[in-house]
Each structure stands twice: as C-alpha cells, then as structure tokens.
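Participant: Here's a structure for you.
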Amino acid sequence: MAVETSLSAAKAAGAPGAPGHRRRTDHKSPGRLRRALTTHWYAWSMVAPVVAVIGVIIGYPLARGVWLSFTDANEANVERTIGVNHIPATYDHVGLDNYKAILQDGVFWDRLGWTVVWTVSCVALSFTLGLVLAVMLNRSFRGRSLYRTALILPWAVPAFVSVFTWRLLFNERSGLFNELLAGAGFDRISWLNDPTWAKVSVITVNVWLGVPFMLIALLGGLQSIPGELYEAAEMDGASPWQRFRHITLPGLRSVSSTVVLLSAIWTFNMFPVIFLLTRGGPGDATEILVTYAYRMSFVISPRDYATSAAWGVLILFLLALFATAYRRSLRTQGDTW
C-alpha cells in the first residue's frame, strides 16, 4: 500500500500540471531558410558562384544607375582623371527632379508610344509566322530537316551581320528591293529615309530575326502534344480548324505564354536593330526608349548621365510592371506559370 502511494505520488509529480515540473521550451525548430540550406547545401554551393558573378556584373551597375538617376551627374561634373590631374565629382543629389522632368516632357510619351507599337507589332507577327511554320514543319515530308535548318539560320547569324545585310537590301540606289521594283516598273522607295517606310523596315528586320526563336519553341510544344488526341478528334469528325482550335492552341498555351513574355521583353529593349539600321531616324521617327537613353548618355554633348539613368530605371519599371500584370493575367486564366 505504501509502495503504491509513493508510485502514485511520483507520477503525479512528473505530470505536466504537477508542481516543480518544467517542460523544455528552449529548443526552437530551424527556420525555413536554414532548413533549405541544410537540405539543399550542394545545390546552393553550385549556384553561389553564378549568383556572385551576376551580382557583380548586373547588380552593381543597376544600383549605380539608380543612384545616378537621383543626381544631376553629367559629363562636366563627374569624377574623372585627365592626365595626372584627378578631378573629384561635384554633382548634387536632386531627388525625383529627373523623373518629374521626363514624365512632364512629351518626348518620353512619344518614344513610349512608338516603342509599344514596335513591340506589339514585332511580337504578334513573329508569333503568328512562327506558329504557321511550326505547324507546317511538324508534318512529315521530304526535305523537312533542310527546311528546319534554313529557317533556324537567321537566329545563328550575329544580329549586327544580319542588320548590315538588310541595310544593303534597303539601299535606295542599288538595293535589291528597289532593283526589283524598278524592274517591275514601280518607283523606287526611300526605305530608310521616309518615316513610315523606315518603321516598316525595322519591324521587318526584327520579325525576321525573331521568327526562328518562336519556331523552335512552338515546334517543341507541338511535338509534346499526344498524337492520340488528333486521331480521336479526327475519328469524331472534327475538321482541321476544330482540331487546331481545340487541341493545338490549348496544348501550346504554356509554351506560347513564355515565349510571348520573353519576346516582348527582348523587343522592348532591342537596341541593335534600331541603332544599326536607322540610328533612330529619319529624324527621331524610329527612336525607341532604349536608343534615346543611349543617345543621351553617349551621343548628345554634354553627356547627361543622370537623365539617361532615369530613363533606364523607367524602362526597367515598365518591363517589371508588364511582366507582373502578364503573370497575373495568366493566373486568372488558370495557368500556373
């Protein structure tokens, strides 16, 4: 009886609610970041050098550009060394004055309007032509490999080589296009000196450069669609257009959403085509945001580094805003990208 009483007392003393009993609460579970580092330490160690290089190559210039956009830095007041003389920087912090001046200037809105038209036109035409060619090359026929190689070739050629070749084709006096027009009895066209034809020319060149990327991506998407779906639809009496609408387009949805976003970002910042083909001309007819920012920083004298940096920050903001809105739009449509 005494033994049972002592055991009961001991259990009661060890119970959670018994006096003198203390639960250990000093042990904390590791945080989310710590668990990720512990579990995937090898992957993190492989990625770390790349992240460091990107941080140096992209992160520092980006931070430097953002800082300069809040100053009045230009060619005359930045830090520089002339011979043995070192001249310190004398520019001042001006806050949001550069952004206010840009947004209140009609030049920015004119450049933005043409940049949007240029981007939408190039992406829409590239996607449409790439989709048509991908559907054609997805079928079995003689010489398909040769056609695929020929259509991918523009993507393999460096952009500046392609642009200079197109300059020769657009030459007003001896270009191939005007020679064909003259031979057919039509008047020669001033391709690069007329504002309207210059816009048509730069869009044509950029579409020619962008179609191979669309073709490769969409052709890969087409080949991932099960062929049984087409066979079942054909047995049910679906027409070619119905099969394309209800099988091909939904099957390409994830691929097309990605390539459209990437192509829009690349086209929005497509500096080589505009600068090498027309240099923004004639006048400023084909000037987009990125070429104008370059002109302010490297062409116009004195070079206005602060305003050019502010233009660059606004371009980055517009692209980030577009990418965010695009992703939200895809999510509302049920896409998990």
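Participant: Applying the selection to the range 68-93, what residues are more than 17 Å from R303 (Cα to Cα) and modelled with pLDDT of 90 or more?
Facilitator: Within the range 68-93, just H93 meets the criteria.
Participant: What are the pairs, 6+ residues apart or on separate chains, where a residue within the range 153-166 that is farther than 16 Å from L192 by Cα has its Cβ under 7 Å from a residue that is aromatic (F, W, Y) and open to solvent by less than 50 Å² (accessible area, probe 1.4 Å)?
Facilitator: Taking only residues 6 or more apart or on different chains, the pairs are W155/F213.
Participant: Quick one: is I225 in contact (Cβ under 8 Å) with a residue 12 or more places away in the chain and either open to solvent by less than 30 Å² (accessible area, probe 1.4 Å) or in contact with a Cys (Cβ under 9 Å, 6 or more places away or on another chain) (or both)? Talk me through it step by step, then tell me what you get.
Facilitator: Details: in contact (Cβ under 8 Å) with a residue 12 or more places away in the chain: yes; either open to solvent by less than 30 Å² (accessible area, probe 1.4 Å) or in contact with a Cys (Cβ under 9 Å, 6 or more places away or on another chain) (or both): yes.
Yes, satisfied.
Participant: Filter the range 185-221 for residues that are among the aromatic types (F, W, Y) and under 19 Å from the mean Cα position of the chain (by Cα); which is least open to solvent (accessible area, probe 1.4 Å)?
Facilitator: Residue satisfying both the conditions and the ranking: F213.
Participant: Within the range 298-312, track down each residue that is closer than 13 Å to S69 by Cα and either surrounded by fewer than 19 Cβ atoms within 10 Å (Cβ to Cβ) or more than 15 Å from the chain's Cα centre (by Cα) (or both). Let's see the steps before the verdict.
Facilitator: Going residue by residue through the range 298-312, those that are closer than 13 Å to S69 by Cα are 304-312.
Within the range 298-312, D304, Y305, A306, T307, S308, A309, A310, W311 qualify.
Participant: Here's something else I'd like to know. Which members of the range 172-182 meet the condition of being of a type outside the set (A, V, I, L, M) and modelled with pLDDT of 90 or more?
Facilitator: Quick first cut of the range 172-182, residues of a type outside the set (A, V, I, L, M) only: 172-175, 177-179.
Hits for the range 172-182 are F177, N178, E179.
Participant: For the range 126-160, which residues satisfy the criterion of being of a type in the set (A, V, I, L, M, F, W, C), open to solvent by less than 60 Å² (accessible area, probe 1.4 Å) and either more than 24 Å from S224 (Cβ to Cβ) or in contact with an Asp or Glu (Cβ under 8 Å, 6 or more places away or on another chain) (or both)?
Facilitator: The answer is V157, A159.
The values are calculated or read from the model by the stated rules, or taken from the named source; none is laboratory data. Just so we're clear, the structure is a prediction, and the values are computed from it rather than from any experiment. With ideal geometry, Cβ positions are generated from the backbone for all residues, glycine too; neighbour counts draw on all protein chains shown. When the accessible area is computed, the model is the full protein with side chains, heavy atoms only, and any ligands, DNA or RNA have been set aside. Shrake-Rupley method; radii C 1.70, N 1.55, O 1.52, S 1.80 Å.
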